[in-house]
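Beneath this line is the structure, given in structure tokens, with notes to follow.
The values are calculated or read from the model by the stated rules, or taken from the named source; none is laboratory data. In this text, all values refer to a predicted model and were calculated from it rather than measured experimentally. We place every Cβ from the backbone using ideal geometry, glycine too, and count neighbours over all the protein chains shown.
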Amino acid sequence: MTKQISLTFPNGARAIADLNLSNAPVTAQTIWDALETPVEVLAVHAAFAGPEIMTGLPESAQTFDPESIPVENQTCFPAAGDLLWYYQAPNQMKNMSEDLWEIGVFYGDGGRIFGPLGWTPCNIFASITEGLDEFAAACGNTRIDGAKTITIARVS
């Protein structure tokens, strides 16, 4: 059975993503479990990665040990529609004493996972299969209009 999650902007732009239980089974299942209750999170446009919005995973959904997620289905060059998982431990990067729980959504071609620490392979745990065009337009608007709250939820 395919497990899916939805990502929805306040303007109604909505994407459906299929979890990649074949190539990223632990990551996909862990994120699925963390989304037992839908989350509303602030999404910002990436500075280094190209066509990507990124969001943290709120404390209410931090129901697992992030360091227990293995390396799975990693790339530095995600495709349009790919969702990534990234965890950065406290003090991993200079002057960042807090940890970072990130879900990234690539909405266009030309994405690259490159940040202040250089190339950063990340687990690709899902891919958007429905609604990418409308969702991509809303993602692109965050670059100009600023951060937006999105809802991430399981699709039943």
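Tabulated data for the structure shown
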| item | result |
| --- | --- |
| Criterion violated by Ile113 - all others in (1) out of contact with any Gly (no Cβ under 7 Å at 6 or more places or on another chain); (2) surrounded by 15 or more Cβ atoms within 10 Å (Cβ to Cβ); (3) more than 13 Å from Gly50 (Cβ to Cβ); (4) at pLDDT below 95 satisfied | (3) |
| Residue within region 63-79 that is closer than 14 Å to Ile150 by Cβ and not in a loop (DSSP other than H, G, I, E, B) present | no |
| Residue in region 22-42 that is within 22 Å of Asp133 (Cβ to Cβ), buried (at least 19 other Cβ atoms within 10 Å of the Cβ) and of a type in the set (S, T, N, Q) present | no |
| Residues (touching a strand residue (DSSP E or B) at 6+ places or on another chain (Cβ under 8 Å), of a type in the set (S, T, N, Q), closer than 27 Å to Asp145 by Cβ and assigned to a loop (DSSP other than H, G, I, E, B)) located in region 1-49 | none |
